[in-house]
Amino acid sequence: MSTVAELRAALPREGVGFVPTMGYLHRGHLALVERARRENPFVVVSVFVNPLQFGPKEDFEKFREGLDDVLAKIEEIRNK
């Protein structure tokens, strides 16, 4: 999902765990996702990569390519 409206339509009003990230999932994020999954029927992981955090010599597009890896890690937890 990529919009708030899509998310609101898909989720119940209660019982949602939320794990905000800035795009790079480390072990701490994954532990939070696992805990949220244990404690809630639904879990939302936000991936917000802010282009303003990147300097002129840093590759924002390359960083965004890591999204598939992020989704794969979340899918692993989901399938446990």
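The values are calculated or read from the model by the stated rules, or taken from the named source; none is laboratory data. This is a predicted model, so every value here is computed, not measured. Cβ placement follows ideal geometry from the backbone for every residue including glycine, while neighbour counts extend to all protein chains displayed. Side chains are part of the model used for accessible areas, which takes the heavy atoms of the whole protein and leaves out ligands, DNA and RNA. Shrake-Rupley method; radii C 1.70, N 1.55, O 1.52, S 1.80 Å.
Loop-located GluC sites (Glu not before Pro) across region 19-80 with a Cβ neighbour count of 13 or fewer within 10 Å are E58, E65, with loop assigned by DSSP.
Taking all protein chains as present, what is the carbon and sulfur share of the accessible area of the chain, in % to the nearest whole number, probe 1.4 Å? The partial results should precede the final answer.
On the way: 3530 of 6530 Å².
Solvent-exposed carbon and sulfur of the chain make up 54 percent of the total.
Kindly provide the trypsin sites (Lys or Arg not before Pro) of region 23-70 that DSSP labels as loop, not H, G, I, E or B, and whose Cβ sees at most 12 other Cβ atoms within 10 Å.
Details: sites: R27, R35, R37, R38, K57, K62, R64; in loops: K57.
Here the sparse-neighbourhood loop sites are K57.
For the chain, the longest principal axis of the Cα atoms and the long axis of helix 67-78 meet at an angle of about 20 degrees.
Per residue, how many Å² of accessible area does the chain show with a 1.4 Å probe?
Accessible area per residue: 82 Å².
Applying both filters, DSSP loop and at most 11 other Cβ atoms within 10 Å, to the chymotrypsin sites (Phe, Trp or Tyr not before Pro) of the chain gives F48.
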